[in-house]
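Everything below concerns the one structure shown next.
The numbers here are math on the coordinates, done by the rules we state, and not lab data. Since we're looking at a predicted model, the values are computed, not measured. Positions of Cβ are generated from backbone atoms using ideal geometry, with glycine treated the same way; all protein chains shown enter the neighbour counts.
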Amino acid sequence: MSQPDVVIGLDIGTTSTIAAAVCLPDQILAVASRPTTLSSPHAGWAEEDPAQWWDNAVAVLREVVAAVGAARIAGICVTGMLPAVVLLDAEGKVLRPSIQQSDGRCGVEVAELAAELDEAAFLRRTGNGINQQLVAAKLRWLRRHEPQVFGRIATVFGSYDYINFRLTGVRAVEQNWALEAGFTDLATGKIADDLVELAGIPRSAVPTRSVSHERMGIVTAEAAALTGLPVGLPVFGGAADHIVSALGAGIVASGDVLLKFGGAGDIVVATDHPVPDARLFLDYHLVPGLYAPNGCMASSGSALNWLGGLITPVASNEKPHQMLDALADEIAPGSDDLICLPYFLGEKTPIHDPLARGTFVGLGLNHSRGHLWRATLEAVAFGFRHHIDVLREMGHTPSRYVASDGGSRSRVWMQIVADVMGAPVTLLDNHHGSSVGAAFVAAMGTGLAADWQDVTKLSRLGETLQPSLAASITYDAAYKRYRELYVRLAPFFHGQTLPY
C-alpha cells in the first residue's frame, strides 16, 4: 500500500469556505467551495454563523476526500479570517454569532483602552496598536451590551480555531490570532496574563497557543464520520488567511507584496525584522524567523457584493459582477470625478476609524451604475495605495505586486490597480491561495515538504498587467482627492461641530 501523499487546506473565509487537496510538488487535485453569509444587523457590525462554517466545512471536505480517496490524505491545516471572535460556553456550545475582524462596533471601548494604557508602550510590547482589531475591545463591548452572553464565556478563540475544535475536540489558539488579539508579549512570544485581563475574562478562557505547522490534534471518530477524513488524521495549528495567502503566492522575499482581494482587502509584505507601527498590524510569517507587517481594509469584495445586489435588477439573469465590470470598462479612469470612500464597515488600517462610513462624493445626473461600480473599484485600489505609502514610510521597500483571491479574477479591477499603483501587478493563476497555502503548511508539518521555498512551485503566477502612463497620471490626481476627502469628512463621521 502506498504512503499518504495528499494534504488538505481548508479556508474559512469571509465570503466562502474552500477546501483544496494538494499533492506536492505542484498538483492541485481537487477544490470545493460553499458560500458564506456575512450579516450586518447594525451600522458597522459584521457577524457570521460558526454553525454555517462547520456545515460548509463538512460539505467541502466530503467532496475533496471523495475526489482523492481518504487513504491518500496525510494531514490537514485550517486557515481563516483573523481575528474573528468565537465564544463557547462551558459545554462547548457557541454563545452568539462570531464578531468578525471587520466589525466596527467597539469604538467606545477602543477609546477606553487608549485612555487606560500607554499606547506607545502597548505597541512596543504587543507589536500592534490600540484599535478595533483588539479582542479586549470586542469583549468589553459584550460585557457592556450583552452581559448575559459575557457571563457564560468559557472559551474565546478564532474562526479556524473553532473548526480545529470541531475536528479534534482540542481548544487552542493559533499564534497569529493571539498576536493580533493583543494577548501576546512580542518579546517572549507567550500569551500574557495581564494582557488577557484587559478583556475582563479569566486567563483560562484563552486556550493554549499553537504554532501553525505543529500538530495540535487528530481527527476524532465523530468528525471523521461527518467529513470523510480518516480517524486520527493529524490536524496542524492553523494559519491566518492573509498570511497563508502570502505564503501560497510565494511572498517569501523582501519587497514582495501580496494584494488580497477577498471579502476584506489584505496587503502583506515579508520582512526579517519586526517594525511595530500603530497604523498597520504585525504578524508572524509562516516561514520561521520572518515577520509579516500587513494591513486590512474592512470591506473590499463585501462592499462590491452589497453594491452589486443593490444596483442590479432583481430579474436579471446576468452575473452582476461581470455585467457591472463591462459597464465600468466603458468609463474613463477617474469615473468622471466621482470619488468613493470604501469605509462601508468603518475602516481598519491604516486609519483605524470604526466611525468612518462608505461615501460617494461628486454624484451627478450624468453618472450611471457603471460609474458607481468603477468608483468603488478605484476606491479599493486607492486604499491599497495608501497602505503602500505607509509601508514606505516605515522603511519597507515594496517592489513586486502579486494579486490573489476572488477579486483578482476581474481584469477591469486589476488593470485599475496597476494604473493606481503605477506598477506592474502579477495575477495569481490559482485563486485558492489561502486553502492551497494551508495545504502546504500541512505538508511541512507532515514532512512531505522540507523547504518553505518549495511553496513557489504551487504559486502558478499568471499574467502581469502593465500600468498605463496616462491612466496613472489621472489616478495620481484622483488619489490626492481621495486622501483629502477622508480628512475633510472625519469630523462629520465623528459628530464634531465644524467652526463655520
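Odds and ends about this structure:
- Out-of-range pairs (alpha-carbon distance over 26 Å; input Lys138/Lys190; Lys319/Lys480; Lys138/Lys348): Lys319/Lys480
- Within the chain: Cβ-based charge dipole about Cα centre, in debye rounded to nearest 20 (Lys, Arg +1; Asp, Glu -1): 400 debye
- Proximity of backbone amide H atoms, modeled 1.01 Å from N, is registered between Ser468 and Asp419 at under 5 Å, excluding neighbours fewer than 5 places apart on the same chain.
- For the chain, with +1 on Lys and Arg beta carbons and -1 on Asp and Glu, the positive-most of Val455, Ile18, Ile351 along the dipole: Ile18
- Here the relative contact order of the chain, from alpha carbon pairs under 8 Å that lie six or more residues apart, stands at 17 percent.
- Near Glu347, the amide H atoms lying under 5 Å from its own belong to Asp353, Leu355, Ala356; only residues 5 or more places off or on other chains count, and H is placed 1.01 Å from N.
- Between the alpha-carbon centres of region 73-87 and region 384-452 there is a gap of 20 Å.
- Global geometry of region 327-452, whether rounded, prolate or oblate, following the gyration tensor of its Cα atoms and the 1.5 cut on a/c: prolate
- When the Cα positions of Trp413, Leu341, Ile331 are compared along the charge dipole of region 331-426, Trp413 comes out farthest toward the positive end, with charges on each C-beta of Lys, Arg, Asp and Glu.
- The charge dipole of region 131-260, taken about the Cα centre with unit charges on the Cβ atoms of Lys, Arg (+1) and Asp, Glu (-1), comes to about 340 debye, rounded to the nearest 20.
- For region 104-257, the fraction of C-alpha pairs farther apart than 22 angstrom is 49 percent.
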